[in-house]
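Undergrad: For reference, the structure I am asking about is given below.
The values are calculated or read from the model by the stated rules, or taken from the named source; none is laboratory data. All of these numbers come straight from a predicted model, not from anything done at the bench. Reconstructed Cβ throughout: ideal geometry from the backbone, glycine too, with neighbour counts over all protein chains shown. Side chains are part of the model used for accessible areas, which takes the heavy atoms of the whole protein and leaves out ligands, DNA and RNA. Shrake-Rupley method; radii C 1.70, N 1.55, O 1.52, S 1.80 Å.
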Amino acid sequence: MARRPYIVGNWKMHGTRAMLSEARAIDRAAQRLLKVEVAIAPPYTLIHPIHREAELIAVGAQDCHEAEGGAFTGDISAAMLADAGAQFVILGHSERREGHGESNDLVRAKAEAALAAGLKIILCCGENAATRESGEAIAFVRGQLAASLPRLPEGFADIAERITIAYEPIWAIGTGNTATPQDIGEMHAAIRALLIEQFGEEQGGDVRILYGGSVKPENAGEILRVADVGGALVGGASLTADSFMGIALAVGEPSDN
Ligand code: PGA
């Protein structure tokens, strides 16, 4: 089954209630682009307000704790996110892996906790500049992803509905540099092969693989046409409705309904 392109905004640590007007504008614009699935991951404080107001777009979080609950000052559980209206959570973002020392094992534990709480996950992977230059990017990302993917309980249904992968080369995040279509195509093909090994042809072939790293309206069309690119994870350019929906427009023509 070919899934709709998935365009996800990662607001990172940006946004107070003043940003709700942008979320509203994104939601309204998304209603004219039904061939694209649009979602935003705002800071925790905006999850519930956006969930209450949004008619179409999904709202998600940018991290969660791996435990169901307990004495973890300052942390948040997957069930709390679901309770606030989150439908998904981004996990293993390089800013968490690097800035908070998150290992593959921890990312895997978080992924398993999020799925158990009923959330969908967007699992991030990507190499740094030194690994890219050394020619080891594909081997590195394969290893990182294989070690971070959740182990699924017997009979787990809807793998491709619940799990999305985001390939985000670290050197492309927030830098204005994007990977070339050829590099993106090679990496996404390698990730696809791994997903098929892990989840079988049918489900692994259907999981969406997003590209992230300096995606903007001007380059989105070219990136999103690359084989096996199922959407984009967008940071800076997701902070205004104009630029974010410019990216969504690059993949989906406005629909009549
Ligand atoms: P960027 O961030 O679009 O600002 O490069 C992408 C991300 O980190 O998810």
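Undergrad: Based on the Cβ-Cβ distance from Thr175 to Glu133, what FRET efficiency comes out when R0 is 25 Å, to the nearest 0.05?
TA: Numbers: r = 15 Å, r/R0 = 0.59.
With R0 = 25 Å, the Cβ-Cβ based efficiency is 0.95.
Undergrad: Still on this structure: Simple spin-label model, 7 Å along Cα-to-Cβ: Ala2 to Asp183 in nm?
TA: Going by the 7 Å Cα→Cβ label model, 2.8 nm.
Undergrad: Just reorder Leu195, Leu34, Leu249 by solvent-accessible area, largest first, 1.4 Å probe, all chains present.
TA: Working: Leu195 0, Leu34 60, Leu249 85 Å².
Ranking Leu195, Leu34, Leu249 by accessible area, largest first, yields Leu249, Leu34, Leu195.
Undergrad: Treating only the Cβ atoms of Lys and Arg (+1) and Asp and Glu (-1) as charged, compute the dipole magnitude of the chain about its Cα centre; round to the nearest 20 debye. Mind showing how you got there, number by number?
TA: On the way: 22 positive and 34 negative charges, 96 e Å.
Charge dipole of the chain: 460 debye, to the nearest 20.
Undergrad: For His100 paired with Ala193, estimate the spin-label separation in nm (one decimal), with each label point 7 Å from Cα along the Cα-to-Cβ line.
TA: Result for the modelled spin labels: 3.3 nm.
Undergrad: R0 = 22 Å: FRET efficiency of His14 with Leu56, Cβ-based, nearest 0.05?
TA: Values: r = 22 Å, r/R0 = 1.00.
About 0.50, to the nearest 0.05.
Undergrad: Using a probe radius of 1.4 Å on heavy atoms only, what accessible surface per residue do you get for the stretch 64-236? Whole Å² is fine.
TA: On a per-residue basis, the stretch 64-236 sits at 43 Å².
Undergrad: Once every DSSP H run of n ≥ 4 in the chain is given -39500 (n - 2.57) and the sum is divided by its residues, what mean residue ellipticity at 222 nm do you get, rounded to the nearest 500 deg cm²/dmol?
TA: Working: 11 runs with 108 residues, N = 257.
Theoretical 222 nm ellipticity from helices: -12500 deg cm²/dmol.
Undergrad: To continue, here is another question. Mind checking which of Gly15, Gly174, Ser77 is farthest towards the positive end of the chain's charge dipole, using Cβ charges of +1 (Lys, Arg) and -1 (Asp, Glu) about the Cα centre?
TA: Towards the positive end, the residue furthest out is Gly15.
Undergrad: Just to confirm a number: summing +1 for Lys and Arg and -1 for Asp and Glu over residues other than Asn128 whose beta-carbon lies under 12 angstrom from that of Asn128, what do you get? Before the final figure, lay out each step's value.
TA: On the way: positive: Arg97, Arg132; negative: Glu98, Glu127, Glu133, Glu136, Glu168.
Once positives and negatives cancel, what remains is -3.
Undergrad: Given a Förster radius of 25 Å and the C-beta distance between Asp83 and Glu201 as r, what FRET efficiency does 1/(1 + (r/R0)^6) yield to the nearest 0.05?
TA: Numbers: r = 36 Å, r/R0 = 1.44.
Efficiency, rounded to the nearest 0.05: 0.10.
Undergrad: Still on this structure: Assign unit charges at the C-beta atoms only (+1 for Lys and Arg, -1 for Asp and Glu), then state the dipole size of the stretch 29-144 relative to its Cα centre in Debye, rounded to the nearest 20. Each step should come with its number before you reach the end.
TA: Numbers: 10 positive and 16 negative charges, 80 e Å.
I would put it at about 380 debye.
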